[in-house]
Amino acid sequence: GLKFNNGAWIGSRSFSLEQLKKKTKNQKLINWVEEQAKLCKPDNIYICDGSEQEFKKFTDDMVKNGTIIKLNSKRPNSFLARSDPSDVARVESRTYICAKTKEDAGPTNNWMDPNQMKQTLKPLFEGSMKGRTMYVMPFSMGPLGSDISHVGVQVTDSPFVVCNMKIMTRMGDAVLNQMKENDDFVPCLHSVGSPLTKGQKDSHWPCNPNKYIVHYPEERSIQSFGSGYGGNALLGKKCFSLRIASSMARDGGWLAEHMLILSLTNDKGEKKYIAAAFPSACGKTNLAMANSVLPGYKVQVCGDDIAWMTMRNGQLYAINPEFGFFGVAPGTSASSNPNALAAISKNTLFTNVALTPDNDVWWEGLSSPPPPTAIDWLGNEWHPNGEGNNTLAAHPNSRFTAPLSQCPSIDPEWDNPKGVPISAIIFGGRRSSTVPLVYQALNWKHGVFMGASTASELTAAAEGTVGKLRHDPFAMLPFCGYNMGDYFNHWLSMEEKAGSNTDKLPKIFYVNWFRKNSKSGKFLWPGFGENVRVLKWIFDRCDSKLDTSDAKATKTSIGFVPSNNSIDLNGLEINKSSLKELFSLNKSEWLQDLKSMRQFCHQFGDRLPKEIKNQMDQLENRLNKD
Ligand code: GTP
Ligand code: SPV
Ligand code: MN
């Protein structure tokens, strides 16, 4: 019980800063933490060590005060949190890239002048941690000691965020110990924006309706206010590893991408690494954890959301900067994704899923039939077909937070500080028509154009008209920390970076698991574990000469498509007409797509690289010659 008066509060604060000073000599860090404490005025400061005991203490405390619920002992050390119903996902409309100029943020990002933004946020952060503890978390994105990794320090007033960060990043003393006196770090300020007055009872999920998720790319810092959820609050993830890191990567000549990393081992024991970018809710986690249906073939996972890639002698190497999975729960089942179910069998935090009577978790798609009764994500009693009850038990964006190391299909190299060599890069989205199951770029420039033209149809879960096409270049639209026209240019520049080693550059592909029968509206391709058939074709194409058609691939106006019978369909029941529709190319649909792409690109003005325009013109010429 510390009274909030200067003497007592300063006393407690300086005591905690003494603890920090014992652990580090990095004066920039000490000063920054002190400044945040002066601004937010927490009752206490706590320096996180990242240990299991600390995790246990915080989860014990949160169970005691009703913030989270302990699940039954069949799922050891696992907990359920229910968010405020208004705080359930990333808030793109409240997310800002505060570059010095609006042009540098680009037309696809919200922007405000950085000084004006700081003035706007100052009164919000002022005293925002009163009645709470400020937790200080040093964290590393990427393995400690890797030349691709970067360090951040997040302060937060949410112990639930601390527990999530412990799973999602390498966090605590180990990071602080290897930080040198003058080392830089990305400062990340986070507050749920809900100070407590003396004696006031806390809410189970404190947050503030006035949310700001703010990035300063030149300064390389982050301020997040008002939300306790996922990408808004776990600042190492989308905020640092994509928005800030993409800006660092442009300056440093590397890539920070919204990509999974997997390995495919073939029946001869040869292994290749593949990275793939799909927009949110388009299948990254599921592909990364795929259970191969092809005998002798094995898929293993390095990462399911983010890849940092650097070039060494023309060869692109990737690390997953994360340490855990933050995966969508609904739809995850023993048949669709057994590896995910194994990964979440212990030491897992669940947010916004349903609670069964025996204190375990449930969500739509986990099992059939559903449990006869449950407590839904809002905390209300729920029955599957209850009278007048047509609501979901779990929120559609409910998630699990689980350690990567618990996935049975984890790749042995997932933690290698050198990274893994990438042979292929895949782009994709949800396209009910037009785009075939798979095709391959003609060359690097064409591949960059394919990444830039990535688009996906809106699902019922997102705002907007269902089925409407949303352009999402490289699946980075909400995550690019600078002008997207410049970002396309950065991707193009990788070819020069490879120098005379362009043959070592990854081959580029585009996939579409979501094409539908135009009459029945049903998916033409079974997806999930069956996707390994497409990965096998991609694997083999990596060893073929790029510029020629062969038994595996045929050159068309859009790129290389699989030659007849070159996709291994052994053991798959799929009828001839489905297969035909899956690969059909409709010239007028492609010209329509191209028109839409031109309209989308218009906003970049002269920041659009000439080469992207060239690629659009060339595609149009090729289509019109057909
Ligand atoms: P974020 O974590 O939000 O970035 O999503 P993600 O890209 O990791 O997507 P995830 O793997 O969680 O899958 C999203 C949805 O797509 C789920 O409902 C899956 O069931 C569905 N899905 C994933 N792979 C396939 C597939 O191959 N075919 C079909 N039809 N659906 C799929
Ligand atoms: C996404 O929305 O793309 C996610 C979830 O992966 S979050 O981490 O909240 O951004
Ligand atoms: Mn995912």
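The values are calculated or read from the model by the stated rules, or taken from the named source; none is laboratory data. Here the structure is a predicted model, which means the values were calculated and not measured. Using ideal geometry, Cβ is built from the backbone for each residue, glycine included, and neighbour counts are taken over all protein chains shown. These accessible areas exclude ligands, DNA and RNA; they are computed on the full protein's heavy atoms, side chains included. Shrake-Rupley method; radii C 1.70, N 1.55, O 1.52, S 1.80 Å.
Descriptive notes on the structure:
Per-residue answers, yes or no, for (1) in contact (Cβ under 8 Å) with a residue 60 or more places away in the chain; (2) within 16 Å of ligand 2 (Cβ to nearest atom):
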{"site": "87", "(1), (2)": "yes, yes"}
{"site": "95", "(1), (2)": "yes, yes"}
{"site": "99", "(1), (2)": "yes, no"}
{"site": "113", "(1), (2)": "no, no"}
{"site": "119", "(1), (2)": "no, no"}
{"site": "124", "(1), (2)": "yes, no"}
{"site": "127", "(1), (2)": "yes, no"}
{"site": "136", "(1), (2)": "yes, no"}
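- Tally, over the range 254-311, of residues that are more than 15 Å from residue 540 (Cβ to Cβ), among the hydrophobic types (A, V, I, L, M, F, W, C), out of contact with any strand residue (DSSP E or B) (no Cβ under 9 Å at 6 or more places or on another chain) and away from ligand 1 (no atom under 13 Å from the Cβ): 0
- Single residue of 538, 558 found to be in contact (Cβ under 8 Å) with a residue 40 or more places away in the chain, assigned to a loop (DSSP other than H, G, I, E, B) and open to solvent by less than 10 Å² (accessible area, probe 1.4 Å): 558
- Restricting the range 581-619 to residues that are among the acidic types (Asp, Glu) and over 20 Å from residue 429 (Cβ atoms), the residue that is most open to solvent (accessible area, probe 1.4 Å): 606
- Checking the stated criteria, residue 84 turns out not to satisfy the condition of being of a type in the set (Asp, Glu) and within 16 Å of residue 134 (Cβ to Cβ).
- Unmet requirement for residue 518, which otherwise passes all of (1) more than 16 Å from ligand 3 (Cβ to nearest atom); (2) open to solvent by less than 40 Å² (accessible area, probe 1.4 Å): (2)
- From 322, 257, residue being modelled with pLDDT of 95 or more, more than 20 Å from residue 508 (Cα to Cα), within 16 Å of ligand 3 (Cβ to nearest atom) and acidic (Asp, Glu): 322
- Among the criteria (1) open to solvent by 10 Å² or more (accessible area, probe 1.4 Å); (2) at positive phi; (3) in contact with a helix residue (DSSP H, G or I) (Cβ under 8 Å, 6 or more places away or on another chain), the one residue 474 does not fulfil is (1).
- Any chance residue 365 is farther than 19 Å from residue 406 by Cβ and within 16 Å of ligand 1 (Cβ to nearest atom): yes
- Among the residues of the range 390-403, none qualifies, meaning not one is away from ligand 3 (no atom under 16 Å from the Cβ), among the polar types (S, T, N, Q) and closer than 23 Å to residue 59 by Cα.
- Scope the range 271-294; condition more than 9 Å from ligand 3 (Cβ to nearest atom), closer than 18 Å to residue 402 by Cβ and within 17 Å of the chain's Cα centre (by Cα); matching residues: 287, 289
- Among the candidates 143, 195, the residue that is in contact (Cβ under 8 Å) with a residue 40 or more places away in the chain and over 21 Å from the mean Cα position of the chain (by Cα) is uniquely 195.
- Looking only at the range 222-265, residues that are among the polar types (S, T, N, Q), open to solvent by 10 Å² or more (accessible area, probe 1.4 Å) and within 20 Å of the chain's Cα centre (by Cα) come to 1 in all.
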